[in-house]
Amino acid sequence: MSVTIVSDKNLHFPVLIDEVLSIISPQNGGTFIDCTFGQGGYTKKILEFPNTRVIAFDRDSESIKVAIKFKQKFKNRFEFHNKKFSEIDSIKLPKKINGIIFDLGFSYSQIKDKSKGLSFNHKGKLNMKMGHNKVSAHDVINKLQAKDLEQIFKYFGDERNAKFIAKKIVKERGINNIDTEYLVNLINSTKKNFTKKNKATKIFQALRILVNSEISELITALSKSSNLISNKGIIVTVTFHSIEDKICKFFFNTISTYRSVSRYLPLNRNKELAFSILNKKVITPTNKEIKINPPSRSAKLRSIKRTNAKKIDTNFLYRKFKNLLEIEKLSQKL
Ligand SMILES: C[S@@+](CC[C@H](N)C(=O)[O-])C[C@H]1O[C@@H](n2cnc3c(N)ncnc32)[C@H](O)[C@@H]1O
């Protein structure tokens, strides 16, 4: 779960911002793509350096309000696109791109927005749409078959009670329309609370991943970004759940390591690799940051640097996560 802004309504705490800045070095100027503009926390810090330019994306139309203010202040050094980051190549991009940044998940203001229904503390209709979505969590919970719900809970939420909860939902929805409060109570009634986490956390994560097609969004955007970034350009990801991190870790490791076509053939180490890993060990927030902004505790930063401009084939990424991509397609049944 990503929350970059804490309690006080005007206080913005972009997660791992100092670490991100030290990796992308905006003090040298350049053009950066902020794929997850949100409240503009990262973008603002980058634009504070002269000779920088930011092209920002966010699927949530609420970000437009912040973007308008940025445009007034930073003029042609800033542009905003209310689009999904998987559409990164749908706009005219400059030839030179020095950095592409992903601060995944959702912001504190999105959680606070009752209409989005992202929090299990809110009452009302299930939703979870971040923007530009086809289905809502309400459709998923009230319409998909038990076996489909089970897969979603199991693979996107790592939920051990997936089958039982899915069956219970299908049984109960015949009698009652399941809204947020009803779903939370239903999940609570199926489990003993062994952990500090709210019992509904895993199911809510699973629903959010499905509703927002988070797996295909990330895979498509990483794949496109790796061929859009300029020579010596940097891609940075800040992830907040294990599936996101697994995808970034696998992709970054694979494109920066010699791979064998066959295990019977020797590695061709003469070929120049397209990327190098900048931080081999994942970067996590300091205790100080976690104290100021507790939800930052699950953040993981990874980064890679382009070493040559040759086009790379990223099909291996789609193949590796084929199963998760198939589960995501269950939403197409709606
Ligand atoms: C953690 S917040 C980013 C906060 C931002 N770095 C800041 O400092 O204000 C994540 C943002 O990414 C956006 N987002 C998530 N998935 C997206 C996608 N596939 N395409 C575009 N924006 C997305 C969300 O709407 C949210 O505003």
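Where a number appears in this text, it was derived from the coordinates with a stated rule and is not lab data. Quick caveat, the model's predicted, so the values are computed rather than measured. So basically every Cβ, Gly included, is an ideal-geometry build from the backbone, and we count neighbours across all protein chains shown.
Observations on the structure shown:
- Residue that is farthest from PHE57 (Cα to Cα) [pool: residues in segment 116-143 that are among the polar types (S, T, N, Q) and away from the ligand (no atom under 13 Å from the Cβ)]: ASN142
- The lone exception for ALA162 - which of (1) farther than 27 Å from LYS246 by Cα; (2) touching a Phe, Trp or Tyr at 6+ places or on another chain (Cβ under 7 Å) it fails: (1)
- When each of ILE235, ILE229, ILE203 is tested for being away from the ligand (no atom under 16 Å from the Cβ), among the aliphatic types (A, V, I, L, M) and either crowded, with 24+ Cβ neighbours inside 10 Å or free of Cβ contacts under 8 Å to residues at least 12 places away in the same chain (or both), the lone residue that passes is ILE203.
- Of the residues contained in segment 31-52, one or more are found to be basic (Lys, Arg), buried (at least 16 other Cβ atoms within 10 Å of the Cβ) and within 13 Å of the ligand (Cβ to nearest atom).
- Residue that is nearest to the chain's Cα centre (by Cα) [pool: residues in segment 54-66 that are more than 9 Å from the ligand (Cβ to nearest atom) and surrounded by fewer than 21 Cβ atoms within 10 Å (Cβ to Cβ)]: SER61
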